[in-house]
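I have placed the structure first, in the form of structure tokens, so that the comments after it can refer back to it.
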Amino acid sequence: MLVLFETAAGYAIFKVLDESKLQEVDSLWKEFETPEKANKVVKLKHFEKFQDTTEALAAATAMTEGKMGKSLKKILKKVVAKEAHEQLAISDAKLGGVIKEKLNLNCVHSPAVAELMRGIRTQMEALITGLPPREISAMSLGLAHSLSRYKLKFSPDKVDTMIVQAISLLDDLDKELNNYIMRCREWYGWHFPEVGKIITDNLAYCKSVRKIGVRTNVATTDLSEHLPEEVEAEVKLAAEISMGTEVSEEDIGNIMHLCDQVIEITEYRTQLYDYLKNRMMAIAPNLTVMVGELVGARLISHAGSLLNLAKHPASTVQILGAEKALFRALKTRRDTPKYGLIYHASLVGQTSAKNKGKISRMLAAKASLAIRYDALGEDTNAEMGVENRAKLEARLRHLEEKGIRRISGSGKAMAKSDKYQHKSDVKVYDPSGDSTLPSGSRKRKLEEVEEEELATPVTVKTKKSKKDPVEEPEASTAAETPKKKKSKKVEEAMDVEEEEATVSPTEESSKKKKRKKRKKRKVKEEEGE
């Protein structure tokens with residue numbers, strides 16, 4: 001039996017001297033306690049050393065993926081094919097299947113083989129001659145670093161530092177460009193203020209100013225290269241009636257130089273944006289599909305790197321960029337923010353206000369998966385991002401149409417709505433409020449008066465008894481000839497008071513009847529008046 005053993009320095013093929021010892025798996029480790037015992041079990045047949053770390057990395061990568069590399073294929077054809085009747089012990093069953101398929105060799109993988117490989121590894125320095133231990137450890141360390149770098153995809157195309165610098169420069173360019181354009185409009189506005197309102201595009205404004213110069217040259221200047229015909233005609237008409245001040249040639253020269261700077265910075269910004277778009281599609285294609293180039297680049301810049309962003313949970317990705325609002329809300333015990341930088345993504349922007357929180361939460365969850373796939377995955381395609389974005393768009397349509405659709409027993413169906421029927425209450429006109437005259441009958445009025453009298457308690461007034469009864473006729477004669485005649489109502493009131501003064505409890509019933517008669521007489525007199 002032959003044994004294929006892989007090391008960081010190269011491939012080694014051993015010959016098993018005593019195959020009977022492989023049957024005792026539990027006690028096989030005792031045969032490798034010392035180098036002398038190990039040399040009695042296996043013997044080195046051939047050793048193929050790697051030329052450099054690149055070849056070692058290619059061989060190790062192929063081995064981990066279950067493939068047969070070029071160097072392995074070469075050594076198997078050179079050594080093992082001569083003894084095709086021998087069995088080949090290998091450590092990976094998948095690799096054994098590939099070798100058996102391509103070279104038609106009988107490969108063996110069992111627990112005994114795994115224990116044999118472990119024993120050979122413990123005594124590797126003694127079994128492999130001509131290879132110093134220091135060189136083996138150095139090659140192992142170099143291969144470990146190279147393999148880790150390959151696994152994490154730390155290639156020049158995957159460096160996310162360029163994205164962090166590019167998006168920071170893009171933001172700085174936007175700020176400076178805005179300041180330059182405002183300065184240019186204000187400066188040239190002293191000479192030709194009308195053109196600032198006519199030409200709204202900043203780049204077209206600077207190119208037009210660069211070509212016009214002094215406003216008196218507008219009539220002879222062709223602006224069709226930068227402006228539409230109707231705008232050009234409006235500019236020429238405004239130049240004839242402009243109220244701007246006169247400026248010198250030196251002033252116009254400085255304004256033109258500023259316009260040149262704006263044009264150059266705008267062109268460089270366009271070039272930088274294209275570069276950023278290409279780098280984002282190379283480094284984080286799934287994240288770019290989910291949230292766009294600018295939002296994805298700002299998320300990476302805010303986290304520091306793509307790997308740091310991949311370590312964040314979805315809830316942190318959702319509010320990344322709104323830390324100040326988050327801690328202020330926690331301090332004041334108010335509602336925490338629902339979104340940060342992810343708010344500027346196209347999916348959140350096209351959502352209604354009430355659904356922005358839900359969509360931002362779902363987008364952050366899917367974007368977090370996309371970030372981890374881009375940072376740690378082996379593939380560089382954007383299939384997962386496209387699939388997740390389609391799911392989010394379907395969910396968004398469902399949220400926007402909520403209430404229109406419903407889920408029935410047979411699946412989704414449109415909600416059935418009843419036919420609209422206008423129902424109005426017809427109010428009948430009440431003519432009772434038209435007349436201001438009293439409509440009640442005389443009998444009704446008398447009954448109301450009686451009810452009021454019964455409701456009020458009877459008060460008995462007592463007066464001092466008169467000493468001289470003879471004074472009554474004198475008072476009556478004096479009352480007959482007063483200077484001013486009293487009316488009948490006053491006399492009746494006086495009579496009522498005199499009667500009330502002499503009322504006794506036994507005469508209450510008779511007095512009530514008389515009072516009713518007097519009230520009736522009062523009502524008659526009022527109606528007669």
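Numbers below:
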item	result
Difference of contour (0.36 nm per residue) and Cα-Cα distance, ILE136 to THR316	60.3 nm
Distant-in-sequence amide H partners of GLY10 (H built 1.01 Å from N, under 5 Å)	PHE50
Cα-centred dipole magnitude for the stretch 267-382, charges only on beta-carbon of K, R (+1) and D, E (-1), debye, nearest 20	840 debye
Most to least packed among 201-214, 283-296 [average Cβ atoms within 10 Å]	283-296, 201-214
Kirkwood Rh, Cα atoms: Rg over Rh of the stretch 225-272	1.10
Extended-chain gain in nm, criterion 0.36 nm per residue less alpha-carbon gap, VAL214 and LYS30	56.3 nm
At R0 = 56 Å, FRET efficiency that the Cβ-Cβ distance of ARG515 and VAL428 yields, to 0.05	0.80
Label point distance in nm, GLU229-SER305, each placed 7 Å from Cα along Cα→Cβ	6.0 nm
Sequence-distant residues sharing a close amide H with HIS46 (under 5 Å, placed H)	ILE13
Formal net charge of residues neighbouring GLN350 (Cβ-Cβ distance under 15 Å; K, R +1; D, E -1)	+3
Estimated D of the stretch 202-285 in µm² per second, where Rh is the Kirkwood radius over Cα pairs and Stokes-Einstein applies at 4 °C, 1.567 mPa s	86 µm²/s
Leading residue at positive end of dipole, the stretch 250-395 (Cβ point charges), from GLY340, GLN261, ALA375	GLY340
Loop trypsin sites (Lys or Arg not before Pro), the stretch 42-150, which have at most 14 other Cβ atoms in a 10 Å radius of their Cβ (DSSP)	LYS67
Loop-located GluC sites (Glu not before Pro) in the stretch 27-96, at most 12 other Cβ atoms within 10 Å (DSSP)	GLU33, GLU65
Net length gained if the chain between SER352 and THR129 were fully extended (0.36 nm per residue, minus Cα distance)	72.9 nm
ALA204/ARG333 FRET efficiency (R0 51 Å; Cβ-Cβ; nearest 0.05)	0.50
Estimated vicinal HN-Hα couplings, Hz - the stretch 41-47 in sequence order (Karplus 6.51, -1.76, 1.60; Gly, Pro = x)	9, 10, 9, 5, 9, 7, 9
³J(HN,Hα) computed for each position of the stretch 171-182 - Karplus, 6.51 cos²θ - 1.76 cosθ + 1.60, integer Hz, glycine/proline x	5, 5, 5, 4, 5, 5, 5, 5, 5, 5, 5, 4
GLN87 versus LYS402: modelled label distance in nm, points set 7 Å from Cα along the beta carbon direction	6.5 nm
Packing rank of 3-16, 175-188, 353-366, where each peptide gets the mean count of other beta carbons within 10 Å, highest leading	3-16, 353-366, 175-188
Unit charges at the beta carbon, dipole of the stretch 106-152: most positive-side option, GLY119, ILE136, VAL108	ILE136
Options ALA329, SER301, ALA284, ranked by Cα towards positive dipole end of the stretch 282-336, top entry (Cβ charges)	ALA329
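No value in this document is a laboratory result; all are computed from the given coordinates. Model, not experiment: these values are computed from the prediction. Every residue, glycine among them, receives a Cβ derived from its backbone with ideal geometry; neighbour counts consider all protein chains shown.
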